[in-house]
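What follows is calculated from the coordinates using simple rules that are stated; it is not laboratory data. All of these numbers come straight from a predicted model, not from anything done at the bench. Don't worry about glycine lacking a Cβ; one is built from the backbone with ideal geometry, like all the others, and counts go over all protein chains shown.
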Ligand SMILES: Nc1nc2c(c(=O)[nH]1)N=C([C@H](O)[C@@H](O)CO)CN2
């Protein structure tokens, strides 16, 4: 399986269990791995034969402006399903990190992986 990766993507969104946390935007950091057969693009040199990673970042930022979630788990699932459906990815692995929410640690969050069903 070939992979397109996006590392340490900083995104603004409203996220958190308590209502006060969802009142203002906070920065989350995403690592995204997209499984896709890149062999055609490797030969053709055409962006239409692959997934345009810039389009993925734009769509991720857009949907996280439009939606607000309580759990990082739900946010990660939402992004996996969006990338699978809208970009025809074969599988998606996403790490969602909240960097500033608890004192005494660098970041916390989840990693999930979903496949095309
Ligand atoms: N497994 C999780 N635990 C917690 C989450 C979460 O999204 N997943 N969120 C919170 C709160 O939003 C916290 O970050 C700030 O109050 C608590 N635990």
field: Ordering of 43-55, 22-34, 75-87 by packing [mean C-beta count within 10 Å, highest first]
entry: 75-87, 22-34, 43-55
message: Rounding to the nearest 10 and keeping the result within 0 to 90°, find how far the Cα-based axis of helix 72-87 lies from the longest principal axis of the chain.
response: 20
statement: For the chain, longest principal axis from Cα atoms; helix 53-66 axis from its Cα atoms; angle between them, nearest 10 degrees, is 30
field: Percentage relative contact order, the chain, counting C-alpha pairs under 8 Å, at least six apart
entry: 27
message: What is the distance in Å between the Cα centroid of segment 23-42 and that of segment 58-86?
response: 11
Cα-derived Rg over Rh, computed across the chain with Rh taken as Kirkwood radius: 1.01
